[in-house]
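I have placed the structure first, in the form of structure tokens, so that the comments after it can refer back to it.
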Amino acid sequence: MPTKIEKDEITGTDTTGHEWDGIKELNTPLPKWWLWTFYATIVWSIGYFIVYPAWPTLSGHTKGVLGWTQRIEIAERMEEAKAMRAPFVGRIEKASLDQIRSSPDLLNFAMAGGRSVFAENCVPCHGAGGSGAKGYPNLADDSWVWGGTLDDIHTTITYGIRNANNESRIGQMPRFGADGILKPAQIDDVAEYVLSLSKRSTNADAAKRGETVFSENCVACHQEGGTGSTDLGAPNLAANIWIYGGDKATIMETVRNSRAGSMPAWTGRLDDATIKMLAVYVHALGGGK
Amino acid sequence: MDGTSPPDVDDVVSTKVQKAAAPLYVSRIKVHPKDVKGLYRRIKWAVLALCLAVYYLAPFLRWDRGPTAPDQAILIDLPGRKAYFFMIEIWPQEVYFLTGLLILAAITLFLVTSLFGRLWCGYACPQTVWTDLFMWVERKIEGDRNARIKLDAAPYSAEKIVKRTLKHTAWIGIALATGGAWILYFDDAPTVIRDVFTGNATFTQYFFIGLFAATTYTLAGWAREQVCTYMCPWPRFQGAMLDDQSYVVTYEEWRGEKRGKLAKAAPGVDPWAGRGDCVDCNSCVAVCPTGIDIRDGQQLECIGCGLCIDACDAVMDKVGRPRGLIRFDTLANQACRAKGEPVTHKFIRPRTLIYAGVLAFVGAVMLVALLSRATVELNVLRDRAPLFVTLSSGDIRNAYTIHVLNKTHEPREFALAVSGLQGAVLGVAGSDAAAAPVVTLAAKPDSVATYRVFVTVPAQSVRGKASSPVRFDLKPREGRGAADYDSVFLAPGR
């Protein structure tokens, strides 16, 4: 409790009246500039309450005369960014894929746009940088199931593979084992033949028998020598690249039960310009023809 | 009038003494330095003029660097990420040149201080230069010391308001010019000036003019000697550079004391008998820009400007005693003089030798670094996804992002090859040319060219090696300069 307020001799300031073992506290006033700054912040806050959203109410909050919200601001920023991109997007819409690739500034824009769209939409299956995964082709190598030209890639992205879109790329390998088309011994033989295409066969007799099976059942799609057909989506079996795996067990599994990986059609989800940028980007990952 | 004690400086006491009289905390006691004439004042004016001239005119110097680079001799191009100083051009990754320059400046300061005391503080420091300029303006408008003290004490009148307004207007004008000149170092100076006056400059430019104007006005107009005494670290550790062989502002106590007013003596009696040469006129205190009394000895607040020497010499001339009662001298010399021995000053001593040696060493390192500065650099970033790609032929391919830094003012073409991998071929992304052992990369002048390069190696070259070292070699198609970069090539390892 304040006991005795007295005037300090040296400074001429009053004490607070508090005393601890003879130590007294000066009641030094706040500096004027500090006080005025404090008042100014109060005045400022009143203006702020009026202009900006401030007080909670029972069903929300006061909106402020400016009507400002972070959501509106981010929407404006997005519109600005869109407007900045608009001239380029317009040019990309009109340009052909080859024109995009041969114009340095369009290519630059398409690569940057393609990279971010790829990261958002394609990376979950195809991996960062298009590195692929089991069942999802590597997009950076030189082997393509449905073709690696700019137009091929553009078509694949636009309509997808084995999906409900009418233009979707369709190709279906029969289930040679599950549907009883080939006997287990024949499947073993044809797998051995497929291994021999990439010089990995260990049983020449089986491979020889398998060649006959292959020419009767597989050549129509996978072509003579297993080189594959991008028109039919039949992978090249003579290359060292395997979507599902190139060991004998995996090959036999593929022959027995077939494979039917699917990719969505991106038309309707992404606009035309974005798909073009994506095609240019994927083409440049390293495998483009 | 005996000419010994000018009436206007009778009650001059150093701020230290005034503060000692008050307990605990006291606010700043304003210093009102008196005008003075003399050798050191003239030197101080000359250095001031030189420093201001360099500051204001240097941005207008031109230096031809060809059409691809700016022609301003001294320029820090922040958007372009380059700094130019005459023939020297610094890229961001070479910022260690700036470090070297600062080290050079620091050691030069050490050496000069150990030899001649605080010449930097007294003459060349921007704080000293601008404070001196502001004081000159103040003196022109409000008058000398006594007039200013009187004006400070006077109640507000029309005259006081006019004088104060004039002074602050002039100060703000100088401050704006200071801030205005600062931004000239960051962009083409003539263009900036035109933009600033036509209202076309950027917000950033106006902001920095305002910022530096505000700091100049505050530091040179209001803070003054407080910057040196309280804010600047240099006075705090200068004691480590000084020794008794360093030139400092000294007071010859041995002949000054015992001080006292000079009384009129009877004819035939020597008025100087039994007393010192110091007539205690306090002129040295009145002219001091930091408000100290040099007769108290060496002290942190002394910036070593020597204005008290000018003041004292004038008084000594008047009373007919030898000049130099206050003088630039070493403490060792003063000890000799006090004993009547010849002075023995040593410029060369371990301290100065070490400083000079370090200075020469750092200078040599800087010079060699500048002369051997590479005009081309190569940076290689390995792609991390995918780590490697197996091609249908079985070959293994890695992708690298290549940065070619062309620091010359001409467009250049370089040959890129790799070594360390059997049968490696290179291909540039986006180019339809077939892969080859050597590819050509073009780089525009003063810029970084970025390429994505595929390195393809036959499987047997990297069989069993998950990681192989590879060196990228970059050679210009013509002219000097080459660069290399060590990276790795990843493979399945089977």
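The values are calculated or read from the model by the stated rules, or taken from the named source; none is laboratory data. Note that the coordinates shown come from a computational prediction; the quantities given were computed from them, not determined experimentally. Reconstructed Cβ throughout: ideal geometry from the backbone, glycine too, with neighbour counts over all protein chains shown. These area figures cover heavy atoms from the full protein model, side chains too; ligands, DNA and RNA do not enter into them. Shrake-Rupley method; radii C 1.70, N 1.55, O 1.52, S 1.80 Å.
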Sequence-distant aspartates and glutamates (8 or more away, or on other chains) whose Cα lies within less than 19 Å of A:Lys24: A:Glu6, A:Asp8, A:Glu9, A:Asp14
The alpha-carbon center of the stretch A:213-255 and that of the stretch B:155-204 are separated, in whole Å, by 80 Å
Would you mind counting up the charge near A:Trp242? Only other residues with Cβ under 13 Å from its Cβ, with Lys and Arg at +1 and Asp and Glu at -1. +1
Rounded to 10°, Cα long-axis angle of helix A:204-217 versus longest principal axis of chain A: 80 degrees
Pop out the Kirkwood hydrodynamic radius of the protein assembly as shown from its pairwise C-alpha distances, inverse of mean 1/r, in Å to one decimal. 35.6 Å
Just how much of B:Val365 is accessible, in Å², when a 1.4 Å probe is used and the result is rounded to the nearest 10? 80 Å²
Nearest 10 degrees, 0 to 90: helix B:96-116 Cα axis against chain B principal axis: 20 degrees
Taking the alpha-carbon distance from B:Lys261 and a cut-off under 16 Å, which lysines remain once sequence neighbours fewer than 8 residues away in the same chain are dropped? B:Lys318
Which whole-Hz couplings ³J(HN,Hα) result when phi for each residue of the stretch B:192-202 is put into the Karplus expression 6.51 cos²θ - 1.76 cosθ + 1.60, θ = phi - 60°, listed in order with x for Gly and Pro? 4, 4, 4, 4, 4, 7, 9, x, 9, 6, 7
In terms of solvent-accessible area of protein heavy atoms at a 1.4 angstrom probe, what is the ranking of B:Ser114, A:Ser116, highest value first? A:Ser116, B:Ser114
For a quick check: with amide H placed at 1.01 Å from N, whose amide H comes under 5 Å from A:Ala234's, ignoring anything fewer than 5 positions away on the same chain? A:Ser229
Report the net charge of residues surrounding A:Leu106, where surrounding means a beta-carbon distance below 15 angstrom and charges are Lys +1, Arg +1, Asp -1, Glu -1. +2
Can you list the chymotrypsin sites (Phe, Trp or Tyr not before Pro) in the stretch B:100-163 that are in a DSSP coil and have 15 or fewer other beta carbons within 10 angstrom? B:Tyr156
Here, the stretch B:376-490 modelled as identical Cα point scatterers in vacuum has Debye log10 I(q)/I(0) at q = 0.12, 0.21 Å⁻¹ of -0.40, -1.13
Under a straight-distance cross-link criterion of Cα-Cα below 12 Å, which aspartates and glutamates are reachable from A:Lys134, leaving out those fewer than 8 residues away in the same chain? none
Over all residues in B:377-390, what is the mean tally of Cβ atoms on other chains that come within 10 Å of each residue's Cβ? 4
Spacing of the two label points (7 Å from each Cα toward its C-beta) at A:Asp105 and A:His61, in nm: 4.3 nm
Report, in listed order, any pair from B:Lys140/B:Lys160; B:Lys16/B:Lys339; A:Lys7/B:Lys16; B:Lys30/B:Lys150; A:Lys32/B:Lys19; B:Lys34/B:Lys163 with a Cα-Cα distance greater than 20 Å. B:Lys16/B:Lys339; A:Lys7/B:Lys16; A:Lys32/B:Lys19
The percentage of Cα-Cα pairs in the stretch B:196-278 separated by more than 16 Å is 75 percent
Are there trypsin sites (Lys or Arg not before Pro) in the stretch A:152-243 that DSSP marks as loop and that have at most 14 other Cβ atoms within 10 Å, and which are they? A:Lys199, A:Arg200
Mind listing the phi-derived Karplus ³J(HN,Hα) values for the stretch A:248-260, rounded to whole Hz, using 6.51, -1.76 and 1.60 with θ = phi - 60°, and x for any glycine or proline? 4, 4, 5, 4, 5, 4, 4, 5, 5, 10, 6, 9, 8
Can you give the mean number of other chain Cβ atoms that lie within 10 Å of the Cβ atoms in peptide A:128-135? 3
5 Å is the cut-off here: which amide hydrogens, built 1.01 Å from N in the peptide plane, fall below it relative to B:Gln72, excluding neighbours closer than 5 in sequence? B:Trp63
Rg and Dmax of the stretch A:69-176 over Cα atoms: what are they, in angstrom? 17.5, 62
What value in Å³ per residue do you get for the convex hull of the alpha-carbon atoms in the stretch B:129-199? 102 Å³
Can you work out the base-10 log of I(q)/I(0) for the stretch B:1-373 at q = 0.12, 0.15 1/Å, using the Debye formula on its C-alpha atoms alone? -1.07, -1.40
Rh by Kirkwood over Cα pairs, then Stokes-Einstein D for the stretch B:132-247 at 0.692 mPa s and 37 °C, µm²/s: 194 µm²/s
For chain A, what value does the Rg/Rh ratio take when both radii are computed over Cα atoms and Rh is the Kirkwood radius, given to two decimals? 1.42
Distant-in-sequence amide H partners of B:Arg452 (H built 1.01 Å from N, under 5 Å): B:Ile402, B:Ala429
Quick one, what does Rg over Rh come out to for the stretch A:37-82 if you take C-alpha atoms and the Kirkwood Rh? 1.14
Excluding A:Ala95 itself, what net charge comes from residues whose Cβ is under 12 Å from its Cβ, given Lys and Arg +1 and Asp and Glu -1? 0
On C-alpha positions alone, give me the angle between the axis of helix A:184-197 and the longest principal axis of chain A, in degrees, nearest 10. 80 degrees
Once phi for every residue in the stretch A:120-130 is put through the Karplus expression 6.51 cos²θ - 1.76 cosθ + 1.60 (θ = phi - 60°), the whole-Hz ³J(HN,Hα) values, with Gly and Pro written as x, are 6, 10, 10, 4, x, 9, 7, x, 4, x, x
Whole-percent tail of the Cα-Cα distance distribution for the stretch B:119-169, cut at 15 Å, equals 52 percent
Which is the longest run of chain A containing none of the GluC sites (Glu not before Pro) found in DSSP loop states (not H, G, I, E, B) with at most 13 other C-beta atoms within 10 Å? A:10-166
Mean-position separation - Cα centroids, the stretch B:34-71 and the stretch B:421-488, in angstrom: 50 Å
Expressed as a whole number, the average count of other chain Cβ atoms within 10 Å around the Cβ atoms of B:391-401 is 4
